[in-house]
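Notes follow once the structure below has been shown.
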Amino acid sequence: MVDTGDTTYSVNASVVDFHHRRGSVVVQVADLGGSPGVEIVLKHVATAIEWLYVYKVFTFHDGALRAVSLPGGWLIDDPFGLPTGAGCTPDGRIVISHASDLNPTVTRRATQRFYELSGTRLRPVGREVGTVEAGAALSGAFPEFEKPLFRGC
């Protein structure tokens, strides 16, 4: 829920197919481009088979607070699965990345996908693949892997 002082806007922030253990936490209020204003990034701590961190993004569009369509519906950061990163580039694009391996002792490949916010949808605007040498932190080469996700926005 967002209260501007004059008007209160609300939207369903829940995620389906998961059992919630805690309520939503606002991780970031950030300008992700698109229409003027800011977006709200929420993190849910949820369970399916294991603990997951489920991120949803909301924006004010066409006079209402609306969920942003992320690839796959929402962004899941699974501490037991392959590393996921999400953030913003210095030129204002959104970057969502995935690494090829959990093991920091091997060279890992990171696939970065870049987006621009258009209304309530992320529009793909590019893709890059890079590597992180064994022993180096993913976030050193790819800041979007820094926790919490969207931290650099």
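The values are calculated or read from the model by the stated rules, or taken from the named source; none is laboratory data. Quick caveat, the model's predicted, so the values are computed rather than measured. Glycine also receives a Cβ, built like all others from the backbone with ideal geometry; neighbour counts cover every protein chain displayed.
Considering (1) more than 26 Å from THR4 (Cβ to Cβ); (2) of a type outside the set (Lys, Arg); (3) touching a Ser or Thr at 6+ places or on another chain (Cβ under 7 Å), the lone condition that THR120 does not fulfil carries the number (1). Looking for something under 12 Å from the mean Cα position of the chain (by Cα), closer than 23 Å to SER24 by Cα, β-branched (Val, Ile, Thr) and not in a strand (DSSP E or B) - is there at least one such residue anywhere in region 60-70? Yes, region 60-70 contains at least one residue that is under 12 Å from the mean Cα position of the chain (by Cα), closer than 23 Å to SER24 by Cα, β-branched (Val, Ile, Thr) and not in a strand (DSSP E or B). One residue stands out among those in region 95-119 that are of a type in the set (Ser, Thr, Tyr) and surrounded by fewer than 19 Cβ atoms within 10 Å (Cβ to Cβ): the one that is nearest to GLY63 (Cα to Cα), which is SER118.
Taken over region 42-74, the criterion of being without any contact (Cβ under 8 Å) to a residue 12 or more places away in the chain and of a type in the set (A, V, I, L, M, F, W, C) is satisfied by ILE49 alone.
Checking every residue in region 143-153 against the condition of being of a type outside the set (D, E, K, R) and within 20 Å of HIS61 (Cβ to Cβ) gives at least one match. How about region 72-109: which of its residues are more than 16 Å from the chain's Cα centre (by Cα) and outside any loop (DSSP other than H, G, I, E, B)? Scanning region 72-109 gives ARG108, ARG109. If the condition is being surrounded by 13 or more Cβ atoms within 10 Å (Cβ to Cβ) and free of Cβ contacts under 8 Å to residues at least 60 places away in the same chain, then region 75-91 contributes ILE76, ASP78, THR89. Report yes if some residue within region 48-61 is on the phi < 0 side of the Ramachandran plot, modelled with pLDDT under 80 and not hydrophobic (A, V, I, L, M, F, W, C); otherwise report no. Yes, region 48-61 contains a residue that is on the phi < 0 side of the Ramachandran plot, modelled with pLDDT under 80 and not hydrophobic (A, V, I, L, M, F, W, C). The set of residues from region 136-153 being within 18 Å of VAL54 (Cβ to Cβ), of a type in the set (Phe, Trp, Tyr) and part of a loop (DSSP other than H, G, I, E, B) comprises just one member, PHE150. For region 110-126, check the following and say yes or no: at least one residue is part of a loop (DSSP other than H, G, I, E, B), among the hydrophobic types (A, V, I, L, M, F, W, C) and modelled with pLDDT of 85 or more. Within region 110-126, not a single residue is part of a loop (DSSP other than H, G, I, E, B), among the hydrophobic types (A, V, I, L, M, F, W, C) and modelled with pLDDT of 85 or more.
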